[in-house]
1. Which of Lys27/Lys268; Lys207/Lys268; Lys134/Lys207; Lys134/Lys193; Lys74/Lys145; Lys145/Lys219 have a Cα-Cα distance over 25 Å?
2. Under 16 Å from a point placed 7 Å out from the Cα of Asp176 along the Cα-to-Cβ direction: which residues of the range 113-138 have their backbone N that close?
3. Roll a 1.4 angstrom probe over the protein heavy atoms and tell me the percent of accessible area of the range 128-267 that is carbon or sulfur.
4. Taking 0.36 nm per residue of sequence separation and subtracting the Cα-Cα distance, how much length would be gained by fully extending the chain between Ser120 and Ala19, in nm to one decimal?
5. Explain nothing, just compute: Karplus ³J(HN,Hα) = 6.51 cos²θ - 1.76 cosθ + 1.60, θ = phi - 60°, for every residue of the range 83-96 in order, whole Hz, x for Gly and Pro.
6. If you put +1 on each Lys and Arg Cβ and -1 on each Asp and Glu Cβ, how big is the dipole of the chain around its Cα centre, in Debye rounded to 20?
7. Picking from Gln57, Gln28, Leu324, whose Cα lies most toward the positive end of the charge dipole for the range 7-344 (charges on Cβ: Lys, Arg +1; Asp, Glu -1)?
8. Hey, what do the phi angles of the range 136-144 turn into as Karplus ³J(HN,Hα) couplings, whole Hz, using 6.51/-1.76/1.60 and θ = phi - 60°, x for Gly and Pro?
Amino acid sequence: MKKRKWIWIGGAILIIGIAIGGYLMEKQTLRKLAENDDLLIGSSIRYDALLEDDTYQRLATTEFSSWTIENEMKMDAMQPEQGAFNFVKVDEMVQMAEEHDIKLRGHVLVWGEALPEWVSQQVVDRASAEQVLKTHIQELVKHYKGSIDTFDVVNEAWNDDGTLRDTIWLRTIGPDYIPLAFQWAREANPDAKLYYNDYGNEMSNAKSEAMLEALSNWKKDGIPIDGIGMQTHVDAADSRFSKNRIQEWFTRIEDAGFDIAVTEMDVKLQNLNNGDAKNVQAERFGDVMEVCLDTPACGEFTVWGISDNHSWVTEQESPNGKPLLFDENGQPKKAYNTLKRKLLF
Ligand code: XIL
């Protein structure tokens, strides 16, 4: 009789526990849950969607504690004509972020893409390239001193085979453009966190090994590279994805002395049938979150967009990709609940 009583009491406590856990999870936002883990949870943010789409704005300001400017800070948007900087939109986003106590990630200072047309005419040799790049980096970093203190300084510098990507900066300056960019950014703001950012670098492979070796060597020589951003654009159908390999790789980056951020995660679906796809998508978001939570150096987990109707994957790669945490109506998807569960337990 006594034993039975205890089984009943134990069962009741378990059920109440599960109910409280479920209630807490339901009521909490991602941002609130991530706070308890000391983790920034971010999304890329688009100026137009923020102003025009109420649901987007509500989710952006309530679910996330960090915003990465998706396009408005790229060189073509920031310096459309040489020397004529256009800070207006990003300034507005900064103000809105401040009102909601949201941190900003500056994206991106140096990239081979999103260049204004004048660059190809004005950047003709090493001297002109250095002058243009230094001015661009320092104007931005100085303008946002005090409001943006984390930057993706250099973006996507390596090819998949581990060679350096052919960009106007590599052609004119050579590989030195990478360490120089970090030094110029540091000069403009001694307190900023400076990141290298790339895709396909979240596991060990030819590209990521070349990246880590070069960044580590520069770091040893005193180049101020604080962290490495792993974009983590994932295809749900890609069988190379492996939580263990990601964990091993994050640990290696941490051991090399770098901070870590997951900077642009999305998981596109198009090659799987629907039921499976949603589970695989949720699982992959959950796996990367778990790795980030288990790696002390990982301080930020950012997704590349909020709802499927404002996603570069949907627009540019696969219309049925549905790669994000909220559907086109702003309703939370399975992946959203999986992230919450990982943050809560
Ligand atoms: C993408 C934006 O999401 C699109 O809206 C834009 O048209 C092209 O750029 N890696 C990066 C991001 O570092 O800046 C890219 O963003 C996606 C890939």
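1. Over 25 Å apart, Cα to Cα: Lys27/Lys268; Lys134/Lys207.
2. 124-135
3. 44
4. Going from the current span to full extension adds 30.3 nm.
5. Calculated HN-Hα couplings, in order: x, 9, 7, 10, 8, 4, 5, 5, 4, 5, 5, 4, 5, 5 Hz.
6. Computed about the Cα centre, the dipole is about 1840 debye.
7. Highest projection toward the positive end goes to Gln28.
8. So the Karplus estimates, Gly and Pro as x, are 4, 4, 6, 4, 5, 5, 5, 4, 9 Hz.
The values are calculated or read from the model by the stated rules, or taken from the named source; none is laboratory data. Predicted model only: the values in this text are computed from it and were never measured. In this analysis, Cβ positions are derived from the backbone assuming ideal geometry, glycine residues included, and neighbour counts consider all displayed protein chains. Accessible surface areas use protein heavy atoms only, side chains included; no ligands, DNA or RNA. Shrake-Rupley method; radii C 1.70, N 1.55, O 1.52, S 1.80 Å.
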